[in-house]
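Read the structure below first, then the notes.
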Amino acid sequence: MLKVDSLTIAYGKTEVVHHVSFDVKKGSVVTIAGANGAGKSTILNTIVGLHRSKEGSILYKGEDITRTAPDRLVSKGIRLVPEGRQIFAEHTVEENMLLGAYVEKDAKKIRDRMDQMYDRFPRLKERRKQIGGTLSGGEQQMLAIARALMTGPDLLILDEPSLGLAPIIVKDVFKLLTEIKQTGVTILLVEQMVDNALSISDYAYVLETGNIVFSGTKDEVKNSDDIVKAYLGNV
Amino acid sequence: MQQLIFGLANGSIYALMALAIGMVSSTTGIVNFAHASVVMMGAMVSWWMMVIYGLSYIPALFVAIAVSIVLNIVMYETCVKKLGDLQDNVGWIITLFGASIILDNIARMLFGTEPQAFPYLFGGKMVTFFGANIMLHELMMITIAVVIGVVYQTIIKKTRFGRAVRAVAFRPATSELMGIKSEKIILSCFAMAGAVAAIGGALIAPITFASYTMTYSIGLKGFAAAVLGGFGNTKGAFIGGFILGLIEAFISIFVPAGIKDSISFVIMIIVIIFLPEGIMSAKFFNRNLSAAEKV
Ligand SMILES: Nc1ncnc2c1ncn2[C@@H]1O[C@H](COP(=O)(O)OP(=O)(O)O)[C@@H](O)[C@H]1O
Ligand SMILES: [Mg+2]
């Protein structure tokens, strides 16, 4: 589904991601673990076209998307749920969802998607006339995910979906991601602590200061003492 | 009554200028210091079309609108976009002031230094309105400005385009993630501001006469109105324009004309000190909003 090859990314002259390669297979859930500042967001933002890479290539469904603009990638089925949710706080909940469907021109499709989302997230339906800024953190995360699902993506990318949420809400988020996976959506997510992420993942990578230092299946991660100590709280 | 209409008519021009300045600053965070010059260009082009090519008022205005839209787009491409991240640099202050000086001088070369008479709408016909003699043109100024303001707010609140404008104004990068081309939205805002500039120019020119300096003092008052409304708050800026016009008209009953022009700046300074976010941030306007809604 997604193949990142020797990706190098810099801000100005400062290189922060060095020759990173990884693979996300169709229908799988892949987690990239990494401490704050490791370069996780930089990689994700580059995949979705917000930032240009210096070297390397990104293939999506076999097609080179290294230099493709964000709006084209949305149409192709790649959606990012950004770090910190980034809800449009002054737009209503419903407007946030409509913005999520911005590239979709077919009004009926938008309506159907919206109804599906409201079925899945009754809280959002209740609050659809409220502005985004009045939602709780957990509700905002649900809205950020629902907003991304408005175009029916094939690849859903999430940047620290558990950031700043109470443990009980985090459980809900990952339960939701499992459900989304079951509908056939491929998921790539990054986290600092990967307890929850790992439980739903097929494969994991560890990123340290812009380098992939480990990759393996869920069990291989759990068998590596160093990794467990650094990125897992309580397994 | 006459003072009221006079104040509102002047206010309508300040309102249109403040609205256009707000359109641009809401999505880019920049203040278009060259806006007054584009208003002037709009008026001069209208005048030219009428005098040299014999067009009537409305067709001439359409040509001026087209020219001002192009001017604003060129200005965005050359003075703003080339600078890159506008949060990180304030180069636009220089480039836009520069653009304004260039436009003023082009106008001086093309149209001369002599202020030119500019026709009123309806040939300057007067009407009796609540017992006062009022020029129909002034009523049209107010009506057109209000229509533009209401149409703009409706577009911004209700349409897909308007949602995108607000999104880009609030979070440009996240808007890109939604598939919105921020750049295209910003360009549209510059274009709309250009159109509004030309209309304002053609409406005020009969009163100020058409010349390359016609917007020097009006332009500053447009900025004062924008400050009054809070930069980037198009609704506030628009209302600010009318308030400024009214205050001026009524104060000028009591003070000599020379002092009148400084009034708007005294008001502007007071507003900056006490309500730095603009009049719309005053408690009076936000009684029913919870804190979170003001994000
Ligand atoms: N816009 C930026 N400009 C310059 N440096 C940046 C920028 N964003 C992130 N960085 C730097 O890039 C590195 C990786 O950041 P980031 O990708 O945000 O890490 P993570 O998401 O893993 O916490 C950090 O050293 C950070 O300081
Ligand atoms: Mg990050």
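Any read-out appearing in this document is the output of simple, stated calculations on the displayed coordinates, not a laboratory observation. All of these numbers come straight from a predicted model, not from anything done at the bench. Every residue, glycine among them, receives a Cβ derived from its backbone with ideal geometry; neighbour counts consider all protein chains shown.
Of note:
- Neighbour counts of other Cβ atoms within 10 Å put A:R111, A:R120, A:R147 in the fewest-to-most order A:R111, A:R120, A:R147.
- Bridgeable aspartates and glutamates around A:K76 (alpha carbons under 13 Å apart, same-chain partners fewer than 8 residues away excluded): A:E63, A:D64, A:E104, A:D154.
- Among B:L177, B:L83, B:L203, residue whose mean-square fluctuation peaks in a GNM of chain B (springs only between Cα atoms under 10 Å): B:L177
- Sum of side-chain charges, B:V168 neighbourhood, beta-carbon under 12 Å (Lys, Arg +1; Asp, Glu -1): +3
- The dipole here belongs to chain A: it is taken about the Cα centre, uses +1 on the Cβ of Lys and Arg and -1 on the Cβ of Asp and Glu, and is about 660 debye.
- Taking θ as phi - 60° and the Karplus parameters 6.51, -1.76 and 1.60, the scalar couplings of region A:136-151 work out to 6, x, x, 5, 5, 5, 4, 5, 4, 6, 4, 4, 6, 7, 4, 9 Hz in sequence order, x denoting glycine and proline.
- Spatially close Lys pairs in region B:2-293, defined by Cα atoms under 24 Å apart and a spacing of eight or more places or different chains, total 15.
- Cα gyration tensor, region B:2-293 - rounded (a/c under 1.5), prolate or oblate: oblate
- Candidates A:L124, A:L149, A:L165, ranked by Gaussian network fluctuation over chain A, Cα under 10 Å, top entry: A:L165
- A:Y205, B:Y53 arranged by Cβ crowding within 10 Å, fewest neighbours leading: B:Y53, A:Y205
- Going by neighbour counts of Cβ atoms within 10 Å, the residues B:M44, A:M114 line up, fewest first, as A:M114, B:M44.
- Spatial separation of Cα centroids for region B:232-283 and region B:11-88, in angstrom: 23 Å
- Label-to-label distance, nm, for residues given as A:Q182 and A:V16 (7 Å Cα→Cβ offset): 3.7 nm
- Evaluating 6.51 cos²θ - 1.76 cosθ + 1.60 at θ = phi - 60° for every residue in region B:164-181, the Karplus couplings come out as 5, 4, 5, 5, 5, 4, 8, 9, x, 5, 5, 4, 4, 5, 7, x, 7, 8 Hz, glycine and proline recorded as x.
- Note on B:E77/B:A117: beta-carbon distance plugged into 1/(1 + (r/R0)^6) with R0 of 30 Å gives a FRET efficiency of 0.30.
- Applying a threshold of 20 Å to the alpha-carbon distances of A:K61/A:K171; A:K108/A:K181; A:K26/A:K181; A:K3/A:K61 flags A:K61/A:K171; A:K108/A:K181 as lying beyond it.
- For region B:96-137, the list of chymotrypsin sites (Phe, Trp or Tyr not before Pro) that fall in a loop by DSSP and count at most 15 other C-beta atoms within 10 angstrom reads B:F130.
- Peptide-level mean, for A:85-92, of C-beta atoms on other protein chains within 10 Å: 5
- Top of B:A237, B:A167, B:A18 by mean-square fluctuation, Gaussian network on chain B, Cα under 10 Å: B:A167
- Percent of C-alpha pairs per 10 Å bin, region A:4-143, short to long: 10, 33, 32, 21, 4
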